[in-house]
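The values are calculated or read from the model by the stated rules, or taken from the named source; none is laboratory data. Bear in mind the structure is a predicted one, so any value in this text is a computation, not a measurement. Methodologically, a virtual Cβ is constructed for each residue, glycine included, from the backbone with ideal geometry; neighbour enumeration extends over all protein chains shown. With ligands, DNA and RNA removed, areas are computed over all heavy atoms of the protein, side chains included. Shrake-Rupley method; radii C 1.70, N 1.55, O 1.52, S 1.80 Å.
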Amino acid sequence: MVRTRFAPSPTGYMHIGNLRTALYAYLFARRNKGKFVLRIEDTDLERYVDGAVDIIYRTLNESGMRYDEGPGKGGVNPPYIQSERKDIYRKYAERLVKTGAAYYCFCSKERLEEMRSAQGDATKYDKHCLGVPSAEVKRRIAAGESCVIRQNIPASGLITYTDLVFGEISIDCKDLEDNILIKSDGMPTYNFANVVDDHLMRITHVIRGIEYLSSTPKYNLIYKALGWREPQYMHLPPIMKDAQHKLSKRYGDASYEDFREKGYLKEAVINYIALLGWSPKDNREKFSLAELEEIFSAEGLNRSPAIFDEAKMRWLNAQYVRELTPEKYLEHAERWLDGAGCKGKYDYKLATKLLQGRTEVFSQIPELIDFLNRFDGYDLGLFDNQKQKTDVRAAKALLPGIIRAVEGAPDFTSPALYERLQTLAADGGVKSGAVMWIARIALTGAQTTPGGATEMAELLGKDESLRRLNASLKRLEL
């Protein structure tokens with residue numbers, strides 16, 4: 001059975017690269033009727049961020065990536081939080097020491113700094129402690145001397161493995177360092193813990209970033225030394241913010257929660273992330289999570305870096321927004337409408353009708369309806385419209401008739417108001433576009449609104465519409 005895992009470190013928000021790794025591991029498991037495992041790799045205590053674990057749980061749950069085994073659920077080899085598995089790693093590290101595949105290292109920080117200074121740029125641990133006799137090792141440990149356990153990498157030879165994305169990979173042992181497996185505080189490093197956990201949790205396919213492509217041979221040496229079967233690997237190319245710069249949480253690039261806070265729908269975020277490094281067989285771009293579960297495959301993974309294009313994600317999000325029912329749209333839009341000062345003032349159902357077709361992301365809403373709260377003092381030059389042949393003088397001449405038409409409307413709806421303004425234009429021998437333009441500016445003080453003049457009037461209501469129209473006429477007459 002296929003078993004994949006997502007093994008994040010709780011060091012902050014769920015950034016796009018981590019989210020993609022989780023998504024691909026989830027989709028590959030679902031596509032192959034397998035299991036998706038969550039493991040929290042929290043052994044790097046210096047980088048641990050309070051609340052980060054909750055972000056991981058919340059993101060997976062909200063996005064629909066439900067794990068089959070993990071914290072709170074159990075599985076084939078619990079616990080699924082690395083800091084709770086400390087004794088497990090020590091046992092296997094000592095087994096490696098007995099076979100010569102690892103050794104105790106007592107080098108101080110000062111000695112390591114001197115070594116690196118002497119080596120220059122190409123720094124690599126020099127196996128100084130490899131020859132320490134076992135009796136001396138026991139004596140020094142018993143005396144409480146600080147030490148670590150290092151992997152003993154062969155001095156020469158090629159290590160080769162096949163990656164399902166990049167094909168055959170060969171690394172020369174002389175380019176690998178004797179990395180630390182168990183730190184002086186007794187905690188394992190990622191280089192060791194991931195191997196032990198992947199084996200004990202029966203992970204068949206390891207999906208992770210390309211930064212581990214050249215490190216994987218070290219992990220395979222551990223598998224071999226312990227007599228374990230290696231998993232299959234899929235290393236993913238980086239996500240770039242542009243042609244030169246990698247998308248990185250270190251430099252504040254957006255996380256999943258950032259995009260949700262901007263007003264992106266979770267379905268659109270997941271859909272777009274799926275396309276950052278994977279291509280379907282056709283040119284289709286819009287997929288539900290359930291559809292991705294059916295069609296995702298390793299064959300569609302790309303070797304080339306993916307460029308994160310937020311404009312493309314906005315476009316995709318807009319497609320999802322258009323498909324919402326008016327009720328669902330309003331569920332998402334309500335907090336933005338409230339935040340824009342509309343609560344209790346305007347008909348939200350009418351606002352939904354006007355805004356839904358113009359919304360790419362929900363955070364646009366305050367800008368789209370800015371005219372509702374900012375009207376007085378607009379630039380009278382907005383009446384100038386070359387296409388409609390309007391200007392301040394035309395506005396001053398037409399506004400009294402517009403006011404009368406609005407004031408006398410028995411049915412204050414957009415269709416009824418539109419008909420009255422069309423009649424006004426026809427009776428006065430004026431282009432209807434000119435009347436509508438002048439009415440829009442006089443009502444909103446804005447060139448761009450989420451609807452025409454009569455739609456804005458209906459939203460504003462009769463009293464507020466007349467107040468604004470008369471205020472505009474008064475300014476024109478000054």
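Relative to the dominant Cα principal axis of the chain, helix 462-477 is inclined by about 70°.
For segment 1-144, taking Cα atoms only, Rg and Dmax work out to 20.2, 55 Å respectively.
Taking all Cα pairs closer than 8 Å and separated by 6 or more residues, the relative contact order of segment 234-296 comes to 25 percent. Within the shell of other residues whose beta carbon sits under 12 angstrom from the beta carbon of Tyr161, the net charge comes to -1, with Lys and Arg scored +1 and Asp and Glu -1. Only protein heavy atoms count here; under a 1.4 Å probe, Arg404 has an accessible surface of about 150 Å². For the pair Ser146 and Lys183, the difference between a 0.36 nm per residue extended length and the Cα-Cα distance amounts to 12.4 nm. Amide H contacts of Val206: Gln232, Tyr233, Met234, each under 5 Å away and 5 or more positions distant or on a separate chain (H built 1.01 Å from N in the peptide plane; Pro and chain starts excluded). Taking the helices alone, the chain has a mean residue ellipticity at 222 nm of -13500 deg cm²/dmol, built from -39,500 (n - 2.57) per DSSP H run of at least 4 residues and averaged over all its residues. Annotation: Glu110 carries an accessible surface of approximately 110 Å², with a 1.4 Å probe and no ligand, DNA or RNA atoms counted. Gain on full extension, evaluated as 0.36 nm per residue between His128 and Ser214 minus their Cα-Cα distance, stands at 28.5 nm.
Of the residues Ala52, Phe106, Leu38, the one whose Cα sits farthest toward the positive end of the charge dipole of segment 10-111, with +1 on the Cβ of Lys and Arg and -1 on the Cβ of Asp and Glu, is Leu38.
A Förster radius of 56 Å, combined with the Cβ-Cβ distance separating Glu113 from Glu407, puts the computed FRET efficiency at roughly 0.10. Note on Ser297 and Lys389: with the Förster distance fixed at 41 Å, the Cβ-Cβ geometry gives a FRET efficiency of about 0.10. With a threshold of 20 Å on the Cα-Cα distance, the over-threshold entries among Lys124/Lys183; Lys109/Lys183; Lys86/Lys124; Lys109/Lys218; Lys35/Lys224 are Lys86/Lys124; Lys109/Lys218; Lys35/Lys224.
If R0 is 45 Å, the Cβ-Cβ spacing of Lys328 and Arg229 corresponds to a FRET efficiency of close to 0.40.
For Gly12, the residues whose amide H sits under 5 Å from its own are Val49, ignoring neighbours fewer than 5 places away on the same chain, with H placed 1.01 Å from N.
For segment 166-183, backbone phi angles converted through the Karplus equation (6.51, -1.76, 1.60; θ = phi - 60°) give residue-by-residue couplings of 9, x, 6, 10, 10, 10, 7, 4, 5, 8, 9, 9, 6, 5, 6, 9, 10, 6 Hz, Gly and Pro being listed as x. Taking the Cα centroid of segment 367-393 and of segment 75-98, what is the distance between the two, rounded to the nearest whole Å? Cα centres, segment 367-393 to segment 75-98: 69 Å.
When cysteine pairs in the chain are screened for C-beta atoms closer than 4.7 angstrom, the residues that find no partner are Cys107, Cys147, Cys173, Cys342. The distance linking segment 154-222 with segment 337-356 is 55 Å (Cα centroid to Cα centroid, whole angstrom).
Here are several values of mean projected area of the Cα convex hull in nm²: (1) 30.7; (2) 20.5; (3) 26.7. Which one was derived from the coordinates shown? Read-out from the structure maps to (1). Coupling constants for segment 315-325 follow from the phi torsions by the Karplus curve (6.51 cos²θ - 1.76 cosθ + 1.60, θ = phi - 60°), and in residue order they are 4, 5, 4, 4, 4, 5, 4, 4, 7, 5, 5 Hz; glycine and proline get x. Phi angles across segment 38-47 convert, under the Karplus curve 6.51 cos²θ - 1.76 cosθ + 1.60 with θ = phi - 60°, into 3J(HN,Hα) values of 10, 10, 8, 9, 10, 7, 8, 5, 5, 9 Hz, Gly and Pro given as x. Determine the sum of side-chain charges near Ile365: Lys and Arg each +1, Asp and Glu each -1, restricted to other residues whose C-beta is under 12 angstrom from that of Ile365. Residues near Ile365 contribute -2 overall. For segment 13-170, with all protein chains in place and a probe radius of 1.4 Å, 48% of the accessible heavy-atom surface sits on carbon or sulfur.
The angle between the Cα long axis of helix 414-428 and the main principal axis of the chain comes to about 50°, on a 0 to 90 degree scale.
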